[in-house]
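Heads up, the thing below is written out as C-alpha cells.
Readers should treat all values here as calculations from the given coordinates under stated rules, not as data from a laboratory. Keep in mind the model is a prediction, meaning the values are calculated, not measured. Cβ atoms come from the backbone with ideal geometry, glycine included; neighbour counts cover every protein chain shown.
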Amino acid sequence: MKKDKKTERYFFPAVFTYFGEGKEIAVEFPDLDVATSGVDDVDAMISARELLGITIFGLEEDGEEIPSPTPLSEIETSENRKASLIDVYMPSIRMAQETKSVNRMVTLPAWLNSAALERNVNFSQILQDALKQQLNIAR
C-alpha cells in the first residue's frame, strides 16, 4: 500500500492585532480557528509559526482535511490589525514529534540505584543506549 506524500510546506495568513505599547500582540489564523500571542513582533511570529505547525500536524495525525488558506489579499485588516503570511516546514515538525521523549518507570534494586546516584549516572542516557544496543538501532 502506497503512502500519500505529505505536503512539506504550508502557508497560511495570520492576523496580528496590536493593543498598544507594553501589551501582547494577538495572532489569529482565521482559516484554522486558532490563536496565540507574543510580547513583540518577533515573539508573536515565532508563536504563530509554532502554532501553525502543531495545528497542521494535529490535523494530519487525526486524518482531518487541511483547509485551503484564504489569499492574503482577501484578509480584512484595520489600523491596529495587520495580516501576514506565515509558513511552516512540516518535516521538522513531524521529526520533532517522533523524537519526543516519553517517561517510563523502571524498577531497580536499591543498592544499584544508590551506587548509580553516587556516581551521577544519567539514567535516561544509559537506558537509551542499552535499548538501542538491544534492538540493534544505530541512531
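How many residues are among the polar types (S, T, N, Q) and either assigned to a loop (DSSP other than H, G, I, E, B) or touching a Lys or Arg at 6+ places or on another chain (Cβ under 7 Å) (or both) when one looks only at segment 11-40?
1
Report yes if ARG81 is under 23 Å from LYS23 (Cβ atoms), out of contact with any Gly (no Cβ under 9 Å at 6 or more places or on another chain) and surrounded by 15 or more Cβ atoms within 10 Å (Cβ to Cβ), otherwise no.
no
Which condition does THR7 not pass, out of (1) of a type in the set (S, T, N, Q); (2) assigned to a loop (DSSP other than H, G, I, E, B); (3) crowded, with 16+ Cβ neighbours inside 10 Å, if it passes all the others?
(3)
Tell me yes or no: at least one residue of segment 41-52 is more than 15 Å from the chain's Cα centre (by Cα), farther than 23 Å from LYS6 by Cα and in a loop (DSSP other than H, G, I, E, B).
Checking segment 41-52: not a single residue is more than 15 Å from the chain's Cα centre (by Cα), farther than 23 Å from LYS6 by Cα and in a loop (DSSP other than H, G, I, E, B).
Quick check on segment 93-102: of everything there that is without any contact (Cβ under 8 Å) to a residue 24 or more places away in the chain and in contact with a helix residue (DSSP H, G or I) (Cβ under 9 Å, 6 or more places away or on another chain), which residue is surrounded by the most Cβ atoms within 10 Å (Cβ to Cβ)?
The selected residue is ALA96.
Just give me the residues in segment 55-74 being touching a residue at least 24 places away in the same chain (Cβ under 8 Å), under 15 Å from ALA14 (Cα atoms) and assigned to a helix (DSSP H, G or I), in sequence order.
THR55, ILE56, LEU72
Take the residues in segment 104-123 that are of a type outside the set (A, V, I, L, M, F, W, C) and free of Cβ contacts under 8 Å to residues at least 12 places away in the same chain; name whichever of them is surrounded by the most Cβ atoms within 10 Å (Cβ to Cβ).
Out of the qualifying residues, it is ASN113.
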